[in-house]
Amino acid sequence: MDITKLEQRYEGKAKKVFATSDPSYYIVEYKDDATAFNGLKHGTITGKGVINNKMSNMMFRLLEKNGVKTHFVEQLSDRETLVKAVEIVPLEIIIRNTAAGSFSKRYGVEEGTALKCPTLEFSLKNDALNDPLINDSHIIALGVATEDELKAIREMAYKVNDVLKEFFAGIGVKLVDFKIEAGRLPDGSIILADEISPDTCRFWDAKTNEKLDKDRFRRDMGGVEEAYEEIFRRITEQKNV
Ligand code: UDP
């Protein structure tokens, strides 16, 4: 596609978003910057931007093949991808298969406890408020999303879980939990946006439970770059993506 990168529209913690010569598309650029605890902890994970860009794109292709509509259009370089311009629904959409992180703390459940069913949880994307948990009724009452949008988001989230859980099981990885974001296209439809990477998912080795994700950075465990590389290696050795 013949599209020119224009001015930066937005800079987030891990990505920059640029306008393009076609208003229907943005270019996202993945950075090596890492933050945790709502920006309180800062660092760099060398090579993360390249891995997260390529890995997210592989996951989006896999999901598209399985009927999930995503913002992915075309990878432009190691760190840059052309995506459909969407309006992001300000929700962190989290699915959990196994208790970990804030869920374990909040409910006093040991990390690693298998949940009886995949659990969907929403937080309002609002740094100033520390991304508070929000329920379906709040979402509709506050006009964050409509009832129909919420239904589409729920269906999308469970479908993403089904596809990813199976894929990662095939490469010896347990998908503990993950966060996705939804975008609105101009026609009002909901599609998958943002990224799917070790920044936004918890991946545990299926045999050893070794953490292969951003928790190594959050918890100062060391081996952060190696964990991102290991997940990426396993994905790329799998021919389906
Ligand atoms: N997550 C994310 N961005 C956030 C918060 C959470 O990508 O701002 C992901 C996180 O990597 C994990 C899942 O969502 O895979 C659930 O995170 P949790 O609520 O347990 O939060 P944490 O323990 O990271 O504070």
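Quick notes on this one:
- If you take the Cα centroid of the range 127-181 and the Cα centroid of the range 67-106, the two points sit 9 Å apart.
- Taking other Cβ atoms within 10 Å as a rough exposure proxy, D213, D148 sort from fewest to most as D148, D213.
- For the range 63-161, the set of GluC sites (Glu not before Pro) satisfying both a DSSP loop assignment and a count of at most 15 other C-beta atoms within 10 Å is given as E110.
- Note, ³J(HN,Hα) from phi for the range 198-213, Karplus 6.51, -1.76, 1.60, rounded to Hz, x at Gly and Pro: x, 6, 10, 10, 9, 10, 10, 4, 5, 8, 9, 6, 4, 7, 10, 7
- Relative contact order %, the range 103-241, counting alpha carbon pairs below 8 Å whose residues are six or more apart: 13
- Counting other Cβ atoms within 10 Å as a rough exposure proxy, the listed residues C201, C117 run C117, C201 from fewest neighbours to most.
- Footprinting exposure proxy ranking of M1, M55, fewest other C-beta atoms within 10 angstrom first, gives M1, M55.
- At q = 0.08, 0.09, 0.15 Å⁻¹, base-10 log of I(q)/I(0) for the chain (Debye sum, equal scatterers on each alpha carbon): -0.28, -0.36, -1.11
- Rounded, prolate or oblate (a/c below 1.5 giving rounded, otherwise prolate when a/b exceeds b/c) for the range 49-172 by Cα gyration tensor: oblate
- Based on Cα atoms of the range 1-42, Rg over Rh with Rh as the Kirkwood radius reads 1.12.
- Where labels lie 7 Å past Cα in the beta-carbon direction, separation of E110 and T146 in nm: 4.7
Read-outs throughout are calculated quantities, based only on the coordinates presented, and are distinct from any laboratory measurement. Predicted, not measured: the structure shown is a model, and the values here were computed from it. Because the Cβ atoms are built from the backbone with ideal geometry, glycine has one as well, and the counts that use them run over all protein chains shown.
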